[in-house]
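Trainee: What follows is a structure written as structure tokens; I'll ask about it next.
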Amino acid sequence: MAQDPEEESLGDDNLDTSHDLDMVPLYESMTIDAEPEADVLRSLLEANGIPVTIVSGGPVVPVGFMLQVPRKRLEEARRLIEQARAAGPEGAAEAEASTEEGR
């Protein structure tokens, strides 16, 4: 809040005004399976520390999903998705099993 002394003391010196943090589209789909695919991709990205925003269709057009990530992390997000698709379901099962072994 503007009344907080700490916030007032920060000033504009600490604001990141670059476009690195702008959210940009990574994935868009209007297919019937867009929601579960978007959810899987969101989970993958968040598990790797990449913030994700999901934008879904509204009341007029209730279908369609879009994932957005910070511009600065776009290429990293694309690489992660490409690696996951290349590994396929077997790679996902193997990764899940390796995380359960450590419990």
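Trainee: Using label points projected 7 Å from each Cα along Cα→Cβ, tell me how many nm separate Ile32 and Arg78, to one decimal.
Mentor: Label at Ile32, label at Arg78, 3.1 nm between them.
Trainee: Over the range 18-76, what is the relative contact order in whole percent, taking alpha-carbon pairs under 8 Å and six or more residues apart?
Mentor: Taking the mean separation of contacting Cα pairs over the length of the range 18-76, I get 50 percent.
Computed from the coordinates by the stated procedures, all read-outs in this text should not be read as laboratory data. Because the structure is a prediction, the values reported are computed rather than measured. Note: ideal-geometry Cβ built from the backbone for every residue, glycine included; neighbour counts use all protein chains shown.
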